[in-house]
Amino acid sequence: MKKLLIFFSMLASVFFTHGLLAAPIKGGSANLAMVGDPQNLDPMAATTDLVGTIMQHVYETLYTFDANWRITPMLAKALPRVSNGGLLYSFVIRDGVVLHNGRELTAEDVVASLQRWMEMAPRGKALASQTDRLEVKGKYSFDWRVKVVNASLLAHLALPSGMAAIMAKESLANPLTEYVGTGPYKFKERRPDQFVWLVRHDSYSARTESPSGYAGKREALLDDLRFIPVPNSNTRLEGILSGQFHFSDQLNVNGISRLERGFDKITPLISPNYGFPYLVFNTKEGVMASMALRQAVQTALGTGEMLEAGFGDKRFYSVEGAHFPKNSPYYSTIGTELYNQKKPKLAKAAALAAGYKEEPIRILTSRQYEFHHTMVLVMAEQLKEAGFKTDVQVVDWATLIQRRGDAKLWDIYMTHSGLLPEPMLSPPQLSEGAPGWWSSPEKSKVLASFNAATDPVIRATLWEPVQQLVYNQVPYIHVGKFSGLSARSNQLQGYQPAIWPFFWNSGLAR
């Protein structure tokens, strides 16, 4: 338990800072440069961080994470009462929470929203298979009966990405045409490739606790937020330097020297151990459906070279095969002898033995995250050295997200995730149904044991067979760790750096 608390405190120091800033004023607009245009604004249908980042201002969840990554109530009144040997969760939501259409939120809205989430979101679908039923018990209460004990249930309900968003039941549709939530901001307008515009929810029902990470009191100080798609990292950099943007996300790390020279107007935001890039394999169809060929690709790759090319400055990357950093309760080196091998001759022999017939490996990447693109180019050269043919397809991020849902269109895609304290939160390939479609009896067995353990110490030891299986079956490759770089204008005050940037409790300088 002590190790767990140390790790959470470490992550807190990375993602949530607590500087003493002058109180910002109420009013004004913020222009926020993001990595691209979201493919849609449905946080259940889209698992991307971009959609979660934007729509967490519109929708809220039953639970969230505080500055120490503890699961904390948001729309829920408190933690649920758990009974029947861990198979019955009884929830009570806060009364008096006002939806954006002016109506009070009830348990019927919550249950309808969670049922939709379990139909649409990969993590929701995984939980649906373990669910007996959801049942409204009163105006503000409901029960969730599960078939098996799942220690990660509340963490799934707290994650902004692929969000278990609570919506007005009358707005539920597929696709969504109205975005009616309870958050501090309301949806106003979207113009594709121009902006997503959110405005203050004047009847917002805030919690009373002090702000802490994503938890506690949320106040919409700014009149409105404009999330502006700026796919080119250099353009986001120039925009923050010129004063065009109040915030620029996911900047190329080679811009750090220019940011450091602009301290009078901007503040660079470096987040150590921000996340991990990873390569997802299509285990369902195509050439990478062969486990033996995935293993051969893993043997061919030098992830250290990929990270060096993608980030350059050693302050921004770490070549390590453990899926979690040191001090994490889940830190383990098991399986890491298969990491960062770069053995082209051995890989070529393994591919031939597996029946590889020089089929092109279709690799999806995007330049919205420039380090993705750079690392994929290095990877493609490493694969060619091992005798593989590659077909690198560079598309915009929204197209990549769309294509990865069709198993006939790709073999590998590059993405990244925030480094989170609960293994089942990311990557989504650990759950069933996420693009990549990893499924095997061995996976079901090790994850069933892992998710049934509620004791943190036991749970930590049960992570090791999961990590070993990932190295053995290669549904994805953990490339390493990286630090994030973003920047804010010094006009934007109260902003607290986080994996999914949020702008409640932020305002403009006096």
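Just so it is clear, none of the values below were taken in a lab; they were calculated from the coordinates. No experiment lies behind these values; they were computed from the predicted model shown. Counting neighbours? That spans all protein chains shown, and the Cβs are built from the backbone with ideal geometry, glycine included.
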Response to the item:
Computed for the chain: size of charge dipole around the Cα centre, +1 on C-beta of each Lys and Arg, -1 on C-beta of each Asp and Glu, debye to nearest 20, value 540 debye
Worksheet item: So how far apart, in nm, are the two label points at Glu285 and Val395 if each is 7 Å from Cα heading toward Cβ?
Response: 1.3 nm
Fill in: Segment Glu381-Ser242, extension gain: residue separation times 0.36 nm, minus the distance between their alpha carbons
46.3 nm
Item to complete: Count neighbours as other Cβ atoms within 10 Å of each site's Cβ, and list the GluC sites (Glu not before Pro) in segment 151-199 that are DSSP loop with at most 16 such neighbours.
Response: Glu178
Fill in: In segment 290-362, the GluC sites (Glu not before Pro) that fall in loop regions by DSSP, at most 12 other Cβ within 10 Å
Glu358
Worksheet item: Based on DSSP H assignment, which helices of the chain show an axial Cα extent of at least 27 Å together with a mean Kyte-Doolittle hydropathy greater than or equal to 0.0?
Response: none
Worksheet item: Please state the equivalent ellipsoid semi-axes for the chain: what are the square roots of 5 times the Cα gyration tensor eigenvalues, largest first, in whole Å?
Response: 35, 29, 21
Discussion item. Cut-off under 21 Å on the C-alpha distance; same-chain residues fewer than 8 positions from Lys443 excluded. Which lysines are left, in chain and number order?
Written reply: Lys125, Lys147, Lys284
Item to complete: Just grab the label-to-label distance for Glu189 and Ser29, each label 7 Å out from Cα along the Cβ direction, in nm (one decimal).
Response: 0.9 nm
Worksheet item: Which loop-located chymotrypsin sites (Phe, Trp or Tyr not before Pro) does segment 223-283 contain, where loop means any DSSP state but H, G, I, E or B and the Cβ has at most 16 other Cβ atoms within 10 Å?
Response: Phe263
Worksheet item: Based solely on its DSSP helices, what 222 nm [θ] is calculated for the chain when runs of n ≥ 4 H residues each add -39,500 (n - 2.57) and the sum is averaged over all residues, nearest 500 deg cm²/dmol?
Response: -8500 deg cm²/dmol
Response to the item:
Listed by chain and number, the lysines with an alpha carbon less than 21 angstrom from that of Lys314, same-chain partners under 8 positions apart left out, are Lys326, Lys342, Lys481
Worksheet item: What does the charge dipole of segment 42-166 about its Cα centre add up to, to the nearest 20 debye, if the Cβ of each Lys and Arg holds +1 and the Cβ of each Asp and Glu holds -1?
Response: 320 debye
Worksheet entry | Percent of beta bridges antiparallel (DSSP, the chain, rounded to nearest 5) | 75 percent
Worksheet item: How high is the relative contact order of segment 274-483, given as a whole-number percent (alpha carbon pairs under 8 Å, six or more residues apart)?
Response: 38 percent
Practice prompt. Measure out, as a whole number of angstrom, how far apart the alpha-carbon centroids of segment 91-110 and segment 168-211 sit.
Written response: 14 Å
Discussion item. Using the crude model of +1 on Lys and Arg Cβ and -1 on Asp and Glu Cβ, and no other charge, please compute the dipole size for segment 274-483 relative to its Cα centre, in debye to 20.
Written reply: 220 debye
Worksheet item: So if R0 is 51 Å, what FRET efficiency would Lys77 and Ala353 give, r being the distance between their Cβ atoms, rounded to the nearest 0.05?
Response: 0.30
Worksheet item: What's the center-to-center distance, using Cα atoms, between segment 256-287 and segment 424-460 in Å?
Response: 26 Å
Discussion item. Between Ala453 and Gln341, what is the label-point separation in nm under the 7 Å Cα-to-beta-carbon projection?
Written reply: 2.7 nm
Discussion item. Which of the three applies to segment 43-109, rounded, prolate or oblate, going by the alpha-carbon gyration tensor with a ≥ b ≥ c and a/c under 1.5 meaning rounded?
Written reply: oblate
Worksheet item: Over segment 274-483, what is the percentage of antiparallel beta bridges among all DSSP beta bridges, to the nearest 5?
Response: 60 percent
Response to the item:
A chain fully extended from Arg103 to Val199 at 0.36 nm per residue, minus the present Cα-Cα distance, gains in nm 32.8 nm
Worksheet item: Toward the positive end of the charge dipole of segment 274-483, about the Cα centre and with charges on Cβ (Lys, Arg +1; Asp, Glu -1), which of Val479, Met379, Tyr278 goes farthest?
Response: Met379
Worksheet item: Taking only C-alpha pairs under 8 Å that are 6+ residues apart, what is the relative contact order of the chain in percent?
Response: 23 percent
